[in-house]
Amino acid sequence: MSVKVTTNLFIKTVEEKRQKVWIFFDTETLGFNSHKHQLTEIGAIVVDMRNPRHPIVIDSYREKSRLLSATRLRLCYPFEGKGMSYSDIMSMTRYGESPGSFQYINEDELIGGFLKFLSKYEDPLLIAHNASFDMKYVSVRAAKHGMKVDRYDVLDTYNIAKLYLKPLIKTGAEAGEKYYTELSGALAGKRDLSIRLGHLAEAFGVKSDQWHSAIADVYMLMGVLTGMISLFEEESERDITKFFSGEAKKKHRRRRRKYRKEKGIRRHKRMAALQTKA
């Protein structure tokens, strides 16, 4: 017998974590390789989410880092991926714009300041969009400067949108409901619904003109998450099993492909090591 899936599964998670301090955060980087490309900005806001429909911002952190000497050298070469240059990335993330009330600091100071900011709050919940990327990036860059990131409870809004929002929209659109048909059109991508942060913000009517600025992104993220929570509460009994299963299966297949790839890389390294010894 199949189990009925509803957005109430996520609403229960919100209820369980409502008394925690919620910290929305985002990073901007100069690439996708955390071992090669430095962090350029970290933005975070501490939010009282005891009433998720009316969040209250109680603290914030925002700093940008100076370019490392290795980074400056790398700027002389083309960026390795997605047809973008380093200048394109810096322009997209608004690097170099007047910092206003803060100063550009060293990367180790940027990370150290963020970790100190987090340590002010006991057992917080960290929220990010594609959180695995941001958490890994901060951890790797911190290690390069002799720092260690503590373990935190993390909520990934990208996964929430993938597992609950997309199936809900598809269920409503399939039923011909105007709201979901329009939402589906607003998020239409080349192959599937887009759940990139800026696109979600536009769909939920959240200001998104500063997308890819870390501090603007966390405010955008707060708006998107509160929008999803409100929608999920209103539709908490709706059966989204049909499309939820499809998203869950795709996620499982991606995990298996990633595991097989990593297993192959490890085996290749072992074989190379044995040949070197021989």
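The values are calculated or read from the model by the stated rules, or taken from the named source; none is laboratory data. Values in this document were obtained by computation on a predicted structure and should not be read as measured data. In this analysis, Cβ positions are derived from the backbone assuming ideal geometry, glycine residues included, and neighbour counts consider all displayed protein chains.
Each row is one residue, and each column tells you yes or no for (1) surrounded by fewer than 19 Cβ atoms within 10 Å (Cβ to Cβ); (2) more than 17 Å from the chain's Cα centre (by Cα); (3) over 19 Å from Pro167 (Cα atoms).
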{"site": "Ser184", "(1), (2), (3)": "yes, yes, no"}
{"site": "Asp192", "(1), (2), (3)": "yes, yes, no"}
{"site": "Lys207", "(1), (2), (3)": "yes, yes, yes"}
{"site": "Tyr219", "(1), (2), (3)": "no, no, yes"}
{"site": "Thr226", "(1), (2), (3)": "no, no, no"}
{"site": "Thr241", "(1), (2), (3)": "yes, yes, no"}
Check off (1) closer than 25 Å to Val14 by Cα; (2) at pLDDT 95 or above for Leu183 and give me the number that stays unchecked. (2)
Within region 29-71, track down each residue that is out of contact with any Asp or Glu (no Cβ under 8 Å at 6 or more places or on another chain) and within 16 Å of Lys116 (Cα to Cα). Asp59, Ser60, Tyr61
Can you name every residue in region 1-17 that is modelled with pLDDT of 90 or more and outside any helix (DSSP H, G or I)? Thr6, Thr7
Identify, by number, the condition in (1) more than 17 Å from the chain's Cα centre (by Cα); (2) surrounded by fewer than 18 Cβ atoms within 10 Å (Cβ to Cβ) that Ala203 doesn't meet. (2)
Name the pairs whose Cβ atoms lie under 8 Å apart, with the first residue in region 180-206 and free of Cβ contacts under 8 Å to residues at least 24 places away in the same chain, the second buried (at least 18 other Cβ atoms within 10 Å of the Cβ) and β-branched (Val, Ile, Thr), and 6 or more positions between them or separate chains? Tyr180/Ile169; Tyr180/Thr171; Leu183/Ile169; Ser184/Ile169; Leu187/Ile169; Leu187/Ile195; Ala201/Val224; Val206/Val224
Report the residue count in region 2-37 for those that are under 30 Å from Leu68 (Cα atoms) and acidic (Asp, Glu). 2
Would you be able to say whether some residue in region 142-152 is in a helix (DSSP H, G or I) and either under 12 Å from the mean Cα position of the chain (by Cα) or not small (Gly, Ala, Ser) (or both)? yes
